[in-house]
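The values are calculated or read from the model by the stated rules, or taken from the named source; none is laboratory data. What you see is a predicted model; the values in this text were computed from it and never measured. Here the Cβ positions follow ideal geometry from the backbone for every residue, glycine too, while neighbour counts run over all protein chains shown.
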Amino acid sequence: MAYQLISTDIPDVLVLKPQVFGDERGFFMESFNQRDFQKVTGLNEVFVQDNHSRSASGVLRGLHYQVEQPQGKLVRVTAGEVFDVAVDLRRRSPSFGRWVGERLSADNRRQLWVPPGFAHGFVVLSDSAEFLYKTTDYWYPEHERSLLWNDPALGIDWPIEHAPQLAAKDAAAKRLQDAEVFEG
């Protein structure tokens with residue numbers, strides 16, 4: 001089996017720990033295996049797009065989501081370390097408005113499954129970080145929304161000491177009470 005499954009406080013958000021084979025020469029791992037992903041998670045997702053970003057220390061990207069054509073995301077870090085967050089925006093969910101966070105790094109090689117209906121974001125904890133993610137739908141900028149990273153209603157415990165570097169759209173993001181959410 002290519003993955004070990006680790007549960008989170010929100011049952012739909014999953015941590016996957018890939019099996020790594022290493023010796024003095026280095027390591028090998030399957031970063032993704034469709035058959036094993038399905039077997040371990042019970043999910044039959046089809047990934048249509050891979051994205052790769054590089055960010056400097058203190059950069060916070062998110063919390064992003066698409067109100068139409070929502071994306072599921074399988075995320076991981078290949079260089080550096082981030083604190084990765086998923087916020088449940090499914091109004092009918094028992095965990096609506098709650099969040100989970102996970103440290104993802106090149107060292108721990110963990111991956112986080114963020115289902116459709118969640119806002120997603122991360123802050124870079126190392127000097128820089130390279131972040132890769134697979135999505136279950138394409139990016140549609142006209143449907144993208146940002147949830148305010150420091151909304152007191154969310155109470156996300158970001159492990160940072162200073163205000164993060166934000167994109168303009170993230171600085172102008174909406175609070176949960178004013179945000180478009182998923183009704184279905």
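Looking at Leu74, is it modelled with pLDDT of 95 or more, aliphatic (A, V, I, L, M) and within 20 Å of Ala173 (Cβ to Cβ)? So Leu74 fails the test. Just so you know, in region 127-143 the residues that are surrounded by 17 or more Cβ atoms within 10 Å (Cβ to Cβ) and among the polar types (S, T, N, Q) include one that is farthest from Thr78 (Cα to Cα), and it is Thr136.
When the strands (runs of 3 or more DSSP E) confined to region 1-69 are screened for residues that are on the phi < 0 side of the Ramachandran plot and out of contact with any Asp or Glu (no Cβ under 8 Å at 6 or more places or on another chain), those reaching at least 2 such residues are found at 3-7, 14-18, 20-23, 26-29, 49-56. Considering only residues of region 49-68 that are touching a Lys or Arg at 6+ places or on another chain (Cβ under 9 Å) and farther than 14 Å from Pro116 by Cα, which is surrounded by the most Cβ atoms within 10 Å (Cβ to Cβ)? Result: Ser55. If you scan region 144-166, which residues turn out to be free of Cβ contacts under 8 Å to residues at least 60 places away in the same chain and buried (at least 16 other Cβ atoms within 10 Å of the Cβ)? The one that is free of Cβ contacts under 8 Å to residues at least 60 places away in the same chain and buried (at least 16 other Cβ atoms within 10 Å of the Cβ): Asp151. Does Arg76 meet the test of being part of a strand (DSSP E or B) and in contact with a Pro (Cβ under 9 Å, 6 or more places away or on another chain)? In short, yes. Restricting to region 76-97, and then to whatever is under 14 Å from His64 (Cα atoms) and of a type in the set (Asp, Glu), can you tell me which residue is surrounded by the fewest Cβ atoms within 10 Å (Cβ to Cβ)? Among those that are under 14 Å from His64 (Cα atoms) and of a type in the set (Asp, Glu), it is Asp88.
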